[in-house]
Every structure is written in C-alpha cells, then in structure tokens.
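The values are calculated or read from the model by the stated rules, or taken from the named source; none is laboratory data. Source: prediction; values computed, not measured. So basically every Cβ, Gly included, is an ideal-geometry build from the backbone, and we count neighbours across all protein chains shown.
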Amino acid sequence: MRLTNRGHGSQQGSALIVALIILLMVSVLGISAMRTSIFSSKVATGIQADTMTFDAAESAVARSLRQLRGFTEAELSKAVLNGASLQNCLLPDGTLKDGACGESDRMDSRELLQAGTYIVHLKNNCRMVSGSDVELYRDYVIDVLGQSNMQSYEIENNHLQEALKVGLDCIQY
C-alpha cells in the first residue's frame, strides 16, 4: 500500500513561519521588559542619589546647629554676628572644617558627597523670646544654609534652616 501526500504540499513550511512569528513576539516582549527594567533601575538610582544628597545637607546643618549651640555669646558674636558669616565643610569623621569645601573634600567613605554650611545672621533679624514680657530678651535669628552635591550625578541640594539663640543686645530698629 502506498501513502500519497495529496493536498499537503501547499502547507509545507507554514509551521516554521508560525514559529518564527511567535519567536519574534517573545523577543519583542523580552526587549520591552529589559528596557523597562533598565529604566526602573535608573529611576531608583536617581532617587537614591537624591536622598543621599538630601541627607548630606541635613547632616551638615545638624552638625552646624550643634556647633552654634555650643558657642558662648562672645564666640557667636565673632563667628556670625556683626555682619560676619561662617562657612564649614563636613568631613567623613563628622567634624566641621572651617571654610568652604575644597575640591577634594568629601564627607563619605566612597568620596561621592560633598556637604557644608553657610551661616549668617542678618543685621537686626531678631525675634522676641516666646513667653517673655521683657523687651530686652530677643532671639538672634541665624540662617543656616546646608549645601551638598554629588558631582558624579550632578545633583545639588540646599536646605535653609533658622537657628534661634538668645541675645541681650539684639535690638530691632
């Protein structure tokens, strides 16, 4: 008995075409998933870098506020009152270096972040001490600007906070 191949000659190769189309669709889905994954990774890295610079600026401000709290009135007057200003750079060990950060100054062990503060008291920027009935006691309003940057990602963060320090000779005109 002989088997004949009638009517099947026109269908030869159609399974190959269907398989190639399915393979193409799976490849497109795979490439799309990779692109989405890469984009998500870039977004996550950017958010992490932004958070790191935010934290660096906040750390510099917190360290400078601690320094201001420790100042006597004479030290405070010399540092930021009477029109003077104070710049600090935060170092990896948590100490403050006097002056602006240099090109090689970094605050972290990976040497990614640079953070510092600029502290100023604008003349006659004072407030009544809360709860005081006496006009003589006023708070000096001292502006502390925390600045940080991550040069590798070109991200900068600036945070301005006010510090209040009691002063006897802070008179508003």
Subject >> Residue identified as surrounded by fewer than 20 Cβ atoms within 10 Å (Cβ to Cβ) and either at pLDDT below 90 or in a strand (DSSP E or B) (or both) among Ser148, Ser132 >> reply: Ser132
Original post:
Residues in the range 73-85: is at least one part of a helix (DSSP H, G or I), of a type in the set (D, E, K, R) and surrounded by 16 or more Cβ atoms within 10 Å (Cβ to Cβ)?
Top reply: no
**OP:** Enumerate the pairs (first residue in the range 67-90 and on the phi > 0 side of the Ramachandran plot and hydrophobic (A, V, I, L, M, F, W, C); second residue anywhere and modelled with pLDDT of 80 or more and in a helix (DSSP H, G or I)) with beta-carbon separation below 6 Å, excluding pairs fewer than 6 apart on the same chain, so at least 6 apart or on different chains.
**Re:** none
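Listed here are the residues, each with its yes/no results for (1) among the basic types (Lys, Arg); (2) in a helix (DSSP H, G or I); (3) surrounded by 14 or more Cβ atoms within 10 Å (Cβ to Cβ); (4) at pLDDT 95 or above.
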position	(1), (2), (3), (4)
Val18	no, yes, no, no
Leu24	no, yes, no, yes
Ile31	no, yes, no, yes
Ser37	no, yes, no, yes
Val43	no, yes, no, no
Ile47	no, yes, no, no
Met52	no, yes, yes, no
Arg63	yes, yes, yes, no
Original post:
Looking at Ala56, is it assigned to a helix (DSSP H, G or I), surrounded by 10 or more Cβ atoms within 10 Å (Cβ to Cβ) and in contact with a strand residue (DSSP E or B) (Cβ under 7 Å, 6 or more places away or on another chain)?
Top reply: yes
Subject >> Qualifying positions in the range 141-162 - hydrophobic (A, V, I, L, M, F, W, C) and within 13 Å of the chain's Cα centre (by Cα) >> reply: Met150, Ile155
